[in-house]
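Participant: The structure is given below, and queries will be raised subsequently.
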Amino acid sequence: MLRTSMHPRLRCAVGTVSRCISPRVRALGVAVRGSTHRSFSISSHIQMIPTTNSITRGFHRSLSTKVELTEEESEILNEERAVDYVDVCIVGAGPAGLATAIKLKQLDNEVGSGDLRVIVLEKASDFGSHIVSGAVIEPHALRELFPDSEHLTESNQIPLPEDLVTKVTKDSMNYLTESFAFPLPEPPQMHNADKNYIVSLNTVVKYLSEQAEELGVELYPGIAVEQLEYNEDKTAVTGVSTKDQGIDRSGRPKASFERGMQFQARVTVLGEGCHGSLTKQAISKFELRKNDEQTYGLGIKEVWEVKPENFEKGYVAHTMGYPLSADLYGGGFMYHFGDGLVAVGLVIGLDYKNPYVSPFQEFQRMKTHPFYKNYLEGGKCVSYAARALNEGGLQSVPQLYFPGGVIVGCSAGFVNVPKVKGTHTAIKSGILAAESIFDSVKELEAFDEDVAQAEVEEEVTPLTLESYQKAYENSWIYKELDEVRNVRPSFNSGLLFGLAHSGLSTFVTRGAEPWTLGHPHTDSAATEDASKYSPIEYPKPDGKLTFDLLTSVSRTGTYHDEDEPCHLRIPEQDSRKHAEVAYPKYKGIEQRFCPAGVYEYVEDEKEPLGVRFQINSQNCIHCKTCDIKVPTQDINWTVPEGGDGPKYYMT
């Protein structure tokens, strides 16, 4: 039920849209545009907390600029935040975050009081809108989550509606030369036929959000979470704060300004996906990465409607080789699903050395190979998406708990690279986290409206869940990742060694090797000076099979308000300084690794280098590649306003 009484300082400016939504919901910063999901149940435990004053804000321009705020503007920007108290706050509504929420409320409703406040905050305007994956998924984690699902039948062994899934009927693995495809033996980990399912993961996430809502989870789309909150001595996380809405590019509050809200929680669950901004904060603050550095790939994907004679429902294909050179790790995929749809994509390891490589252009070139072209020609591309993914495996998984919170799913990095899958491990991690959380909170009084405010404040003690780490280490996730731990890092020694060692690991030893290979450096550190390489001349797009970058971005439904601060942060927002450090050595790598045309070096005679570095933040599809790959490590991806970003379709 919505409650409308609230502190008057958080009331919004009156407008047509504002009158349609509870002021308390507006205080949360819920994005109105494009959002159809409304499942709000906000506790009465809302109080106001003061924040530190600041009257100078930086904003994006080609040069560093500061704006001096008036006293009134400063007061508006630093007004007290509303604060709400919850038992568990989950950031990110992907498979892992929603699995955590669902399992928690299942346990609470079955053997607990049924009153636990479990909230999920999602930056997308609707659930699933920012989700990208292949995706072929193994069903056993979902069966653990929904063992009694009405959708489980003799013919459908996955607890999802049959119209959301396509059972795999055929597999193939091929090595591509420029003109030919040669069959390869398929590792047992990649065998999918008759047991796994092709899905559009963003439609699966929408379904999971509906299941969570039915169980009593509080779901809030369109909420960008900006920062972790800590206890007084900064030794534990006590919750999160959401991002302010309605600030213009100069840093001044607009008439639509809405102050972000703070959620205090016993446990904060970080399920933001690969390279999440809050997860970065937690890993750095609590020194959670005590093992190998994480290494990443960039996955680029299109969904096509193909001609009926080219459609083979249930067919799953993976390729190596063309168009990638021997020093590039990666491969292509093609999945036939639904009613005449084909997902086609390329994953490239971001540890490549040559700054002239363009993952987007490599993907476009891959589609011209007869192996792919014969299926796609005469069809229609209906969707485009791109996202970074974890490739480090077991040795790159950080410590999973910290005082006051846990990390789940791709935020931790549970992708099984040889399987080309991570959804099943993400869901299982959410189940394990939920079980550990419930064991710790089940005896505590839930934060409901009958608890006095003074009691609430006294009870908010962050929990440390080492039990989750132990559960992971005793789970099938750990065993599965351990068996293939040497596959991805073996390619650090070259293609031939990687193929040989991977064959040994996947066909023979199954992880019994008495050694563990490592990842010696970050992906950004792997990048070499452009002077060692020659520029790559990629073919021009034909507009039928291959496309230019902006045409592809137009298929993502991406929206950002142009009059908001740039969420892609560089030091002092000084573009000239960034160019001076990055351009002479790497010759514009940013505009090549970005799959959305966010970064450009524009010819400009007035600039010392003859080029001007430009950030087109409104194009950003939230793939996180810039934060990972930029060699100068001076681009920091932060959340834009809630509801901004892509609105993916069938990805």
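Participant: Considering each of GLN591, GLN618, GLN633 in turn, give the residue that is more than 30 Å from LEU228 (Cβ to Cβ) and of a type in the set (S, T, N, Q). Lay out the reasoning, then the answer.
Facilitator: Values: GLN618 fails: more than 30 Å from LEU228 (Cβ to Cβ); GLN633 fails: more than 30 Å from LEU228 (Cβ to Cβ).
After ruling out the rest, the residue left standing is GLN591.
Participant: Filtering segment 506-546 down to residues that are outside any loop (DSSP other than H, G, I, E, B) and under 31 Å from the mean Cα position of the chain (by Cα), which residue is modelled with the highest pLDDT?
Facilitator: Quick first cut of segment 506-546, residues outside any loop (DSSP other than H, G, I, E, B) only: 506-509, 530-532.
Now restrict to residues that are under 31 Å from the mean Cα position of the chain (by Cα): 506, 530.
Working: THR506: 86, ALA530: 98.
Looking at residues that are outside any loop (DSSP other than H, G, I, E, B) and under 31 Å from the mean Cα position of the chain (by Cα), I get ALA530.
Participant: Sticking with this one: I'd like to check something: does segment 525-532 contain any residue that is free of Cβ contacts under 8 Å to residues at least 24 places away in the same chain, closer than 30 Å to ALA343 by Cβ and either surrounded by fewer than 20 Cβ atoms within 10 Å (Cβ to Cβ) or touching a Ser or Thr at 6+ places or on another chain (Cβ under 9 Å) (or both)?
Facilitator: The answer is no; no qualifying residue exists.
Participant: Follow-up. Of GLU229, GLU218, GLU178, which residue is out of contact with any Asp or Glu (no Cβ under 7 Å at 6 or more places or on another chain) and surrounded by fewer than 16 Cβ atoms within 10 Å (Cβ to Cβ)?
Facilitator: Just a single option satisfies the conditions, and that option is GLU178.
Participant: Can you tell me which residue is nearest to ALA101 (Cα to Cα) among those in segment 248-280 that are outside any strand (DSSP E or B) and basic (Lys, Arg)?
Facilitator: Out of the qualifying residues, it is LYS280.
Participant: Go through (1) outside any strand (DSSP E or B); (2) more than 17 Å from GLU312 (Cβ to Cβ); (3) in contact with a strand residue (DSSP E or B) (Cβ under 9 Å, 6 or more places away or on another chain) one by one and return the number of the condition TYR175 breaks.
Facilitator: Only one criterion is unmet by TYR175, namely (1).
Participant: Let me spell it out: the conditions are (1) touching a helix residue (DSSP H, G or I) at 6+ places or on another chain (Cβ under 8 Å); (2) without any contact (Cβ under 8 Å) to a residue 12 or more places away in the chain, and THR506 meets all of them except one. Which number is the exception?
Facilitator: (2)
Participant: In the set ASP233, ASP194, which member is at positive phi and out of contact with any His (no Cβ under 7 Å at 6 or more places or on another chain)?
Facilitator: Answer to the selection: ASP194.
Conditions tested, residue by residue: (1) more than 20 Å from GLY345 (Cα to Cα); (2) in contact (Cβ under 8 Å) with a residue 12 or more places away in the chain.
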{"position": "LEU116", "(1), (2)": "yes, yes"}
{"position": "ALA141", "(1), (2)": "yes, yes"}
{"position": "SER149", "(1), (2)": "yes, no"}
{"position": "GLU154", "(1), (2)": "yes, no"}
{"position": "LEU160", "(1), (2)": "yes, yes"}
{"position": "ASP163", "(1), (2)": "yes, no"}
{"position": "THR169", "(1), (2)": "no, yes"}
{"position": "SER172", "(1), (2)": "no, yes"}
{"position": "THR177", "(1), (2)": "no, yes"}
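Participant: Just one of the numbered conditions (1) touching a strand residue (DSSP E or B) at 6+ places or on another chain (Cβ under 6 Å); (2) closer than 27 Å to SER125 by Cβ is not true of TYR601; which one?
Facilitator: For TYR601, the failing item is (2).
Participant: Let me ask something additional. Does GLN614 satisfy the condition of being under 27 Å from LEU346 (Cβ atoms) and out of contact with any strand residue (DSSP E or B) (no Cβ under 7 Å at 6 or more places or on another chain)?
Facilitator: no
Participant: Now a separate question. Tell me which residues, restricted to segment 554-613, are of a type in the set (S, T, N, Q), on the phi < 0 side of the Ramachandran plot and over 19 Å from the mean Cα position of the chain (by Cα).
Facilitator: Those that are of a type in the set (S, T, N, Q), on the phi < 0 side of the Ramachandran plot and over 19 Å from the mean Cα position of the chain (by Cα): SER554, SER575, GLN591.
Participant: Moving on to the next point. Taking SER502 as meeting all but one of (1) within 19 Å of LEU389 (Cβ to Cβ); (2) part of a loop (DSSP other than H, G, I, E, B); (3) modelled with pLDDT under 95; (4) hydroxyl-bearing (Ser, Thr, Tyr), write down the number of the exception.
Facilitator: Tallying (1) within 19 Å of LEU389 (Cβ to Cβ); (2) part of a loop (DSSP other than H, G, I, E, B); (3) modelled with pLDDT under 95; (4) hydroxyl-bearing (Ser, Thr, Tyr), SER502 fails exactly one: (2).
Participant: Consider GLY331 against the criteria (1) in a strand (DSSP E or B); (2) buried (at least 24 other Cβ atoms within 10 Å of the Cβ); (3) not assigned by TED's automatic domain parsing to the domain that holds THR100: it satisfies all of them except one. Which criterion is unmet?
Facilitator: (2)
Participant: Can you find a residue that is more than 25 Å from VAL269 (Cβ to Cβ), part of a helix (DSSP H, G or I), within 21 Å of the chain's Cα centre (by Cα) and in the same structural domain as SER179 (by TED's automatic domain parsing) anywhere in segment 349-360?
Facilitator: yes
Participant: Sticking with this structure for a sec: Here is a check on your reading of the model: is THR632 among the hydroxyl-bearing types (Ser, Thr, Tyr) and crowded, with 24+ Cβ neighbours inside 10 Å?
Facilitator: In short, no.
Participant: Go through segment 306-328 and count every residue that is in contact (Cβ under 8 Å) with a residue 60 or more places away in the chain, surrounded by fewer than 18 Cβ atoms within 10 Å (Cβ to Cβ) and not aliphatic (A, V, I, L, M).
Facilitator: The qualifying residues number 5.
Participant: For segment 580-632, give me each residue that is part of a loop (DSSP other than H, G, I, E, B) and charged (D, E, K, R). Quick ask: steps written out before the conclusion?
Facilitator: Of the residues in segment 580-632, the ones part of a loop (DSSP other than H, G, I, E, B) are 587-589, 594-598, 604-610, 616, 620-624, 630-632.
Within segment 580-632, LYS587, ASP604, GLU605, LYS606, GLU607, LYS624 qualify.
Participant: Hey, can you tell me all the residues within segment 99-123 that are within 18 Å of LEU278 (Cβ to Cβ) and either modelled with pLDDT under 95 or in a helix (DSSP H, G or I) (or both)?
Facilitator: Matches in segment 99-123: THR100, ALA101.
Participant: Further question: Out of the residues in segment 311-328 meeting the condition of being among the aromatic types (Phe, Trp, Tyr) and in a loop (DSSP other than H, G, I, E, B), tell me which one is farthest from GLU178 (Cα to Cα).
Facilitator: Result: PHE311.
Participant: Give the number of residues within segment 129-148 that are within 15 Å of VAL199 (Cβ to Cβ), modelled with pLDDT of 95 or more and small (Gly, Ala, Ser).
Facilitator: Residues that pass the stated criteria total 1.
Participant: Right, next: Regarding LEU549, is this residue under 20 Å from HIS622 (Cα atoms), modelled with pLDDT of 95 or more and aliphatic (A, V, I, L, M)?
Facilitator: Yes; evaluated as a whole, the condition is true for this residue.
Participant: Only one residue in THR423, THR461 is at pLDDT below 95 and of a type in the set (S, T, N, Q), so which one is that?
Facilitator: None of the other options fit; the residue is THR461.
Participant: One residue is enough: does segment 568-579 have a residue meeting the conditions of a type outside the set (Lys, Arg), touching a Pro at 6+ places or on another chain (Cβ under 7 Å), part of a loop (DSSP other than H, G, I, E, B) and not assigned by TED's automatic domain parsing to the domain that holds LYS353?
Facilitator: Narrowing segment 568-579 to residues of a type outside the set (Lys, Arg): 568, 570-575, 578-579.
Filter once more, so that each one left must be touching a Pro at 6+ places or on another chain (Cβ under 7 Å): none.
No - not one qualifying residue is present in segment 568-579.
Participant: What are the residue pairs meeting all of these: first residue in segment 540-551, first residue of a type in the set (Ser, Thr, Tyr) and surrounded by 12 or more Cβ atoms within 10 Å (Cβ to Cβ), second residue outside any loop (DSSP other than H, G, I, E, B) and at pLDDT 95 or above, Cβ atoms under 6 Å, and 6 or more apart or on different chains?
Facilitator: Listed by first residue and then by second, the contacts come to THR546/GLN364.
Participant: Taking the criterion of being within 30 Å of GLN262 (Cβ to Cβ) and either outside any loop (DSSP other than H, G, I, E, B) or more than 28 Å from the chain's Cα centre (by Cα) (or both), would at least one residue in segment 197-205 satisfy it? Can you show your working first?
Facilitator: We begin by selecting, within segment 197-205, every residue within 30 Å of GLN262 (Cβ to Cβ); these are 202, 205.
Next cut, either outside any loop (DSSP other than H, G, I, E, B) or more than 28 Å from the chain's Cα centre (by Cα) (or both) only: 202, 205.
Yes: segment 197-205 contains one or more residues that are within 30 Å of GLN262 (Cβ to Cβ) and either outside any loop (DSSP other than H, G, I, E, B) or more than 28 Å from the chain's Cα centre (by Cα) (or both).
Participant: Condition first: surrounded by fewer than 24 Cβ atoms within 10 Å (Cβ to Cβ) and part of a loop (DSSP other than H, G, I, E, B). Now tell me which residues in segment 124-144 satisfy that.
Facilitator: The answer is ASP126, GLU138, PRO139.
Participant: Turning to a different aspect of this structure: What are the pairs, 6+ residues apart or on separate chains, where a residue within segment 263-280 that is under 7 Å from THR238 (Cα atoms) has its Cβ under 7 Å from a residue that is among the small types (Gly, Ala, Ser) and at pLDDT 95 or above?
Facilitator: GLN264/GLY239; ALA265/GLY239
Participant: Could I ask something else about it? Say whether the condition of being basic (Lys, Arg) and surrounded by fewer than 17 Cβ atoms within 10 Å (Cβ to Cβ) is met by at least one residue in segment 596-614.
Facilitator: yes
The values are calculated or read from the model by the stated rules, or taken from the named source; none is laboratory data. None of the values given here were measured: they were computed from a predicted structure. Don't worry about glycine lacking a Cβ; one is built from the backbone with ideal geometry, like all the others, and counts go over all protein chains shown.
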